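Heads up: the structure comes next, in structure tokens.
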Amino acid sequence: MENQRTVLITGCSSGIGLESAVLMGQKGWRVFATLRDLKKSGPLRGRSRDLPVEILTLDVDDPKSVQKGAAVVLKKAGGLDALVNNAGWGAFGALEDFTDEEIKAQYETNLFGLFRLTRAVLPAMRTRGRGRILNISSVAGKMTFAGVGLYCSSKHAVEALTESLRLELRPFGVEVGMVEPGQFQTRFKDNRRKSQIFQSGRSPYQAVLEKILQYGNGESAKAPGPEVVARTIVKALEDQKMALRYPVGTDARWFPFAQRFLPDGLYDRIVSYTLARFGEARHG
Amino acid sequence: MDKASVALVTGANSGIGLAVTRALAERGWKVYATYRSAKRAQPLRDLAKILPVVPLGMDVDQTASVKKAVRFLAQKEKGRVDFLLNNAGFVMAGFWEDLSDEDLRAQFETNVFGLLRVTREVLPLMRKQGSGKILNVGSVGGLVALPVLGPYSATKFAVRSLTDALRMEGSLFGVEVSELVPSEIQTAVAQNARKAEKALAKDSPYSGFTRDFEKFSLERFKGAAPVEKLVRVVLRALEDHPMKRRYLVKAEDHALYFIKRFLPDFLLEAALASQFPWCKRPSSTIQSGR
């Protein structure tokens, strides 16, 4: 097929990445599905057997791996129509608790890695005069919650990157946008990296953090599956004109809406009331 | 105001940091004022001759340096610190495509990781005393991301988010955290800006955009507010109990905040694009270079 459109998706071993690789394959796209560890490619391999999906290893944390991965895909595909920057994970802990290494690890994947791969495919898209870059941000890119401040800040940074890159590439016909999912049933919860001090039970914020974690896990058990996000990704890539944002999930719509329209003072009071109720765990 | 109050101000040898240091010291605060480069610390040494200011070498990029400086303060003041102004920071300018890994890392190392490093050392002291105020210097660039200032905006978006989280986490221990959101202020921030590795390349496909941007920022800096205006906002924040979530400085910043909050994305984008005519040129007329 000569006119087959091509897409590179990162973080395809599970969740949103896996579902979108499969769905885009079903929609007839030629998919280059990348993941950090080929040993974890089993589920994707199983689901994409008869689909135009190629599985490659690519670690966005590693500049060499990014260079090589991008070069291989660009050569094979002859040109890339879309890049879906999905690889990412969430750190958990109070901001005071994180070590330098923990902070940098979070940014290495969620921001620096995303940027690295984007930069690697950009010249090819620019010279072709078309292409789409879709970053998987999060409701956490618009709102911040206690206990996940580090993750939220990395997603806020992704929002800034997306907004500014979109303007920078406008004259070249390359479109940039993002999907902002709320909570979905993915491996996000299992891939969460808790701060060492929290794991050792010695955080000054221990009791509150445990409450927050418990609450978060309860919410994610009720959440819908990642195929919903995959459908939004396809919509973004197939829309005639790609919008800047595609929020997906009830929470992803309502939380930012509330933040937008509640006065700061009232918003603050609601947040601190909620947190204080969590905080009662310290005494009880 | 309490006479024995102790403040720590980072990046205090010029601009916002220096002005706040002076204003607090004039009002009887003891101010530990940090600088990165001893060569550029003369304004602080001069201030220390006449006011209760303690110049302190500290590179927020270096964990050991931050620890050492805060330990020094804690020893001198028996653990007391009432106010932290996280001000150290700089602007990295350049198109995303022109940015090296090191450029981006350097920008985050100071503006974000450095802020976290200092806060991490100061928070235990404040938690222990059950009080304290932290003001993080954000930017209107943390509300709306502009082309060429993408990396800077990314750090300031992150600061906005970190401030919200620190605000919630600190509130459990009586520590108040807020964001100061300035726009153009008469400081050397533009002159001190660093440029992306390839920003000056002659064959840059973005050169047309660079011209637009220079015009835009020159225009913006014509409206730069005197730093005293910002100092008044900081002093007001110190009197507020509790501190507000964020403090904007100029009327037009409030307008921008309003626009960002309530205007649909596509309208904001159209408004921004109208500031950068190059944005609206059909792609066929742009040489795609390099």
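Residue count for the stretch B:193-218, restricted to those that are part of a loop (DSSP other than H, G, I, E, B), of a type outside the set (D, E, K, R) and closer than 20 Å to A:GLY173 by Cβ: 3. For the stretch A:248-269, the count of residues that are more than 23 Å from B:MET126 (Cβ to Cβ), touching a Gly at 6+ places or on another chain (Cβ under 9 Å) and among the charged types (D, E, K, R) is at least one. Looking at the structure I just gave you, is B:LEU146 within 14 Å of chain A (Cβ to nearest Cβ), out of contact with any His (no Cβ under 6 Å at 6 or more places or on another chain), in contact (Cβ under 8 Å) with a residue 12 or more places away in the chain and part of a helix (DSSP H, G or I)? The answer is no for B:LEU146.
Conditions (1) surrounded by 14 or more Cβ atoms within 10 Å (Cβ to Cβ); (2) under 21 Å from the mean Cα position of the chain (by Cα); (3) within 14 Å of chain B (Cβ to nearest Cβ), marked per residue:
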site	(1), (2), (3)
A:ASN191	yes, yes, no
A:GLY201	no, no, no
A:TYR205	yes, no, yes
A:VAL208	yes, no, yes
A:GLY225	no, yes, no
A:VAL229	yes, yes, no
A:ALA236	yes, yes, yes
A:LYS241	no, no, yes
A:PRO256	yes, yes, yes
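State the number of residues belonging to the stretch A:21-30 that are closer than 16 Å to A:GLY42 by Cα and of a type in the set (Gly, Ala, Ser).
Total satisfying the criteria: 1.
For A:LYS76, the requirement of being surrounded by fewer than 19 Cβ atoms within 10 Å (Cβ to Cβ) and more than 8 Å from chain B (Cβ to nearest Cβ) is met. Number of residues in the stretch B:188-206 that are touching a residue at least 60 places away in the same chain (Cβ under 8 Å), surrounded by fewer than 20 Cβ atoms within 10 Å (Cβ to Cβ) and of a type outside the set (Gly, Ala, Ser): the value is 6.
Just one residue in the set A:LYS68, A:LYS75 is within 23 Å of A:LEU169 (Cβ to Cβ) and assigned to a helix (DSSP H, G or I); that residue is A:LYS75.
Matching residues to (1) assigned to a helix (DSSP H, G or I); (2) closer than 27 Å to A:LEU134 by Cα; (3) of a type in the set (A, V, I, L, M):
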site	(1), (2), (3)
A:GLU210	yes, no, no
A:GLY218	yes, no, no
A:LEU237	yes, yes, yes
A:PRO247	no, yes, no
A:ARG253	yes, yes, no
A:PRO256	yes, yes, no
A:GLN259	yes, yes, no
A:TYR267	yes, no, no
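Flag not set for A:TYR215, criterion: touching a residue at least 12 places away in the same chain (Cβ under 8 Å), within 11 Å of another protein chain (Cβ to nearest Cβ) and over 22 Å from A:VAL7 (Cα atoms).
Scanning the stretch A:145-165 for residues that are touching a Gly at 6+ places or on another chain (Cβ under 7 Å) and either basic (Lys, Arg) or at the interface with another protein chain (Cβ under 7 Å from one of its Cβ atoms) (or both) turns up A:LYS155, A:HIS156, A:GLU159, A:ALA160, A:LEU161, A:SER164, A:LEU165.
Is it true that A:SER13 is in a loop (DSSP other than H, G, I, E, B), polar (S, T, N, Q) and modelled with pLDDT of 95 or more?
The answer is yes for A:SER13.
Being of a type in the set (Phe, Trp, Tyr) and surrounded by fewer than 24 Cβ atoms within 10 Å (Cβ to Cβ) is a property that does not hold for B:PHE157. The residue list B:VAL159, B:VAL122 contains one member that is more than 7 Å from every other protein chain (Cβ to nearest Cβ), farther than 30 Å from B:LYS280 by Cα, touching a His at 6+ places or on another chain (Cβ under 9 Å) and part of a helix (DSSP H, G or I), which is B:VAL159.
When A:SER48, A:SER65, A:SER41 are checked against the criterion of being without any contact (Cβ under 8 Å) to a residue 60 or more places away in the chain, surrounded by fewer than 24 Cβ atoms within 10 Å (Cβ to Cβ), in contact with a helix residue (DSSP H, G or I) (Cβ under 6 Å, 6 or more places away or on another chain) and hydroxyl-bearing (Ser, Thr, Tyr), a single residue qualifies: A:SER48. Scanning the stretch A:169-189 for residues that are at pLDDT below 90, surrounded by fewer than 20 Cβ atoms within 10 Å (Cβ to Cβ) and either hydroxyl-bearing (Ser, Thr, Tyr) or not in a helix (DSSP H, G or I) (or both) gives A:GLN185, A:ARG187.
Just give me the residues in the stretch B:31-76 being among the acidic types (Asp, Glu) and outside any helix (DSSP H, G or I), in sequence order. If the condition is that a residue be among the acidic types (Asp, Glu) and outside any helix (DSSP H, G or I), then B:ASP59, B:ASP61 are the ones that fit. Residue count for the stretch A:38-63, restricted to those that are part of a helix (DSSP H, G or I), within 22 Å of the chain's Cα centre (by Cα) and more than 14 Å from A:ARG119 (Cβ to Cβ): 8. One residue stands out in the stretch A:99-133 among those that are in a loop (DSSP other than H, G, I, E, B) and more than 7 Å from chain B (Cβ to nearest Cβ): the one that is nearest to A:ALA21 (Cα to Cα), namely A:ARG130.
May I ask you to list the residues in the stretch A:126-164 that are under 19 Å from A:ILE233 (Cα atoms), among the hydrophobic types (A, V, I, L, M, F, W, C) and buried (at least 23 other Cβ atoms within 10 Å of the Cβ)? Of everything in the stretch A:126-164, those that are under 19 Å from A:ILE233 (Cα atoms), among the hydrophobic types (A, V, I, L, M, F, W, C) and buried (at least 23 other Cβ atoms within 10 Å of the Cβ) turn out to be A:ILE133, A:LEU134, A:ILE136, A:ALA140, A:VAL158, A:LEU161.
The residue that is nearest to the chain's Cα centre (by Cα), among those in the stretch B:164-183 that are of a type in the set (D, E, K, R) and part of a strand (DSSP E or B), is B:GLU179.
Taking (1) in contact with a strand residue (DSSP E or B) (Cβ under 8 Å, 6 or more places away or on another chain); (2) of a type outside the set (Lys, Arg); (3) crowded, with 24+ Cβ neighbours inside 10 Å in turn, B:ALA145 satisfies each apart from (1). Number of residues in the stretch B:233-260 that are surrounded by 12 or more Cβ atoms within 10 Å (Cβ to Cβ) and part of a helix (DSSP H, G or I) equals 13.
The values are calculated or read from the model by the stated rules, or taken from the named source; none is laboratory data. As the structure is a computational prediction, the values presented were derived from the model and not from experiment. FYI the Cβ positions are ideal-geometry reconstructions off the backbone, even for glycines, and counts take in every protein chain you see.
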